[in-house]
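Here is the structure we will look at, set down as structure tokens.
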Amino acid sequence: MISDKTCRFAPNIDDKKMAKHWWKALAVLLLLFTLIAGFLVKIPAIENNEQSTRNLFFHVPMWISMYTLFTISVVNSVLYLTKYDLKKDILASSAANVGVLFGVMGFTTGSVWATYTWGSTLTNDPKQIATAVALLIYMAYLVLRLSIHDIDKRARVSAIYNIFAFAMLIPLTYIIPRMVDSLHPGSASSPGFRSQDTDGTLMMVFYPAFTGWTLLGVWIYTLRVRYKRLELKNIFK
Amino acid sequence: MAQQTTALHRTLTLVKKDLVLELRQKYAFYGVLLYIISTVFVINMMMGHPEEQIWNAQFWVVQLFVSVNAIAKSFMQESRGRLLYFYSLVHPRSFIAAKLLYNILLMAIMSIIALVSCLIFLGNPIINVWYFVGVVMLGGVSLSLLFTMLAAIAAQANQNAALMAIMGFPIMMPLLMLLANIARSAFVPVFQPGLPNMFLLLAGMDVLIVGLAMILFPFLWKD
């Protein structure tokens, strides 16, 4: 029997501690449901989208996850500037890192979908261009962090740039695409998916999907935070 | 009230100091002048007198590089000791306001020079001249505001000029697209339905940048 007394690497299983991690189990369950139901459920035929409508369960949740992570990031950057607590900087940078990952995944899923529905991987679609620019801004944030060696200075300067980046993200991905025509479903001449979803099957999978993907994003983010804190544990002691 | 007037006074004094420094050295001015003329001349050698759409694109690309070059200098010429001296004298907000004002002035002059040299070397496809001059001025102001803030950030990261390009280019992309679109009306008599909206967006972006610069710069200076 492996326990604390017989082995010092024994897992420390504590009911109370496990109870805190219920949402990770939920994330796994929801994503399993998304993967299985997302490919099997009967979906309505919407114009020329055909089976590619299933991308709704993978493409849109990436953006919701990305927005969640970037919001976490900017909140922690503001908190860093009020207290100058380096832990907040770790939270902010980790969230931005994982946010960029989800942004890239959202862009990729969208581009693959566009290849088959719009006929081109990279189009002049304002939403596609604007998100590419927003992602570039956040990648510049990561490069900026790499270029400064002093930890406190890096935290301060990158927190300021992060607020700047978030202030650009909202007009770029939320305001401008709504002012101009887009090829995206739901804007201008192409119909939205929600109005065509007469059986409610799309939404039945979509809501669990975006909850699951967002939880997964937050999970990866907490893992990265723990890793970064271990890296800098000499400073925090 | 008294405090407000002194803040304004300090800002204006700092602008005057930058102007006097520039008039004495004439370094930035002639440096950028040479830069503009050689760039436009190279374009002329390569494509002669381009048609209006390409003319427009070329002009805004020239504007972009001119603003990067002119404004990157604004923080690099200040030595560390001098910055510390200013820090002890004035509030950081006055300092950044002075830099913003000075750079707007500088960029306005540079824009006019860029426009004139483009007209000389690349021909004149513009129909609505005053409209285009107005757009150029607006564009100069927007670009100078944006790059002043970025130069302040880059100055903190060991005066790294490459960093300014990395941070600045994604942010200025939507700005430049907007400007090039607005400027189209100066070349062809075309009806653009979203024109007032685009102007509003440009103004909104300028206000956003100035606001962020005013709020965030004091944090940037705490060294």
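The values are calculated or read from the model by the stated rules, or taken from the named source; none is laboratory data. All figures in this text were calculated on a predicted structure; none of them were measured in a lab. Heads up, the Cβs are rebuilt from the backbone with ideal geometry, glycines too, and the neighbour counts pull from every protein chain shown. Calculation scope for accessible area: heavy atoms of the full protein, side chains included, ligands and nucleic acids excluded. Shrake-Rupley method; radii C 1.70, N 1.55, O 1.52, S 1.80 Å.
Positive-end ranking of B:SER74, B:VAL32, B:ASN56 along the dipole of segment B:19-92, with charges on Cβ about the Cα centre, is headed by B:SER74. For the pair A:ALA45 and A:LEU26 in one chain, pulling the backbone fully straight at 0.36 nm per residue adds 3.8 nm over the alpha carbon distance. Assuming a ≥ b ≥ c are the square roots of the Cα gyration tensor eigenvalues, decide whether the protein assembly as shown counts as rounded (a/c under 1.5), prolate (otherwise, with a/b larger than b/c) or oblate. Because a/c hits 1.5 or more and a/b fails to exceed b/c, the protein assembly as shown counts as oblate. Distance from the alpha carbon centroid of segment A:151-166 to that of segment B:6-26 works out to 29 angstrom.
Quick one: buried accessible area between B and A, total over both chains, 1.4 angstrom probe, nearest 100 Å²? Write down the numbers at each step before the final one.
Numbers: alone 11790 and 13920 Å², together 23360 Å².
That pair of chains buries around 2400 Å² in total.
Inter-chain Cβ neighbour count for A:152-163, averaged per residue, equals 4 (cutoff 10 Å, partner chain atoms only). About the centre of its Cα atoms, chain A shows a dipole size close to 1240 debye [charges on the beta carbon of Lys, Arg (+1) and Asp, Glu (-1) only; nearest 20 debye].
Measure nothing but the geometry: give the 0 to 90° angle between the long axis through the Cα atoms of B:92-122 and the longest principal axis through the Cα atoms of chain B, rounded to 10°. Orientation of helix B:92-122: about 20 degrees from the principal axis.
Would you work out if segment B:8-64 is rounded, prolate or oblate? Take a ≥ b ≥ c from the square roots of the eigenvalues of the alpha-carbon gyration tensor; rounded if a/c is under 1.5, else prolate when a/b is larger than b/c, oblate otherwise. Note, shape of segment B:8-64 comes out oblate.
For the pair A:ASP150 and A:LEU136, the difference between a 0.36 nm per residue extended length and the Cα-Cα distance amounts to 2.6 nm. Here the 3J(HN,Hα) profile of segment B:143-152, calculated from phi with Karplus coefficients 6.51, -1.76 and 1.60 at θ = phi - 60°, is 5, 5, 4, 4, 6, 5, 4, 5, 5, 5 Hz, Gly and Pro shown as x. Its Cα centre serving as origin, segment B:20-87 has a Cβ charge dipole (Lys and Arg +1, Asp and Glu -1) of approximately 480 debye. So what J values fall out for segment B:51-64 if you push phi through Karplus, 6.51 cos²θ - 1.76 cosθ + 1.60 with θ = phi - 60°, rounded to Hz, Gly and Pro as x? Calculated HN-Hα couplings, in order: 6, 4, 5, 5, 4, 4, 4, 4, 4, 6, 5, 4, 4, 4 Hz. Peptides A:58-64, A:111-117, ordered by how many other C-beta atoms sit within 10 Å of their residues on average, highest first, read A:58-64, A:111-117.
How would you classify chain A from its alpha-carbon gyration tensor, with a ≥ b ≥ c the square roots of the eigenvalues: rounded for a/c under 1.5, else prolate if a/b is greater than b/c, otherwise oblate?
Values: a/c = 2.78, a/b = 1.32, b/c = 2.11.
Judged from the Cα gyration tensor, chain A comes out oblate (a/c at least 1.5, b/c at or above a/b).
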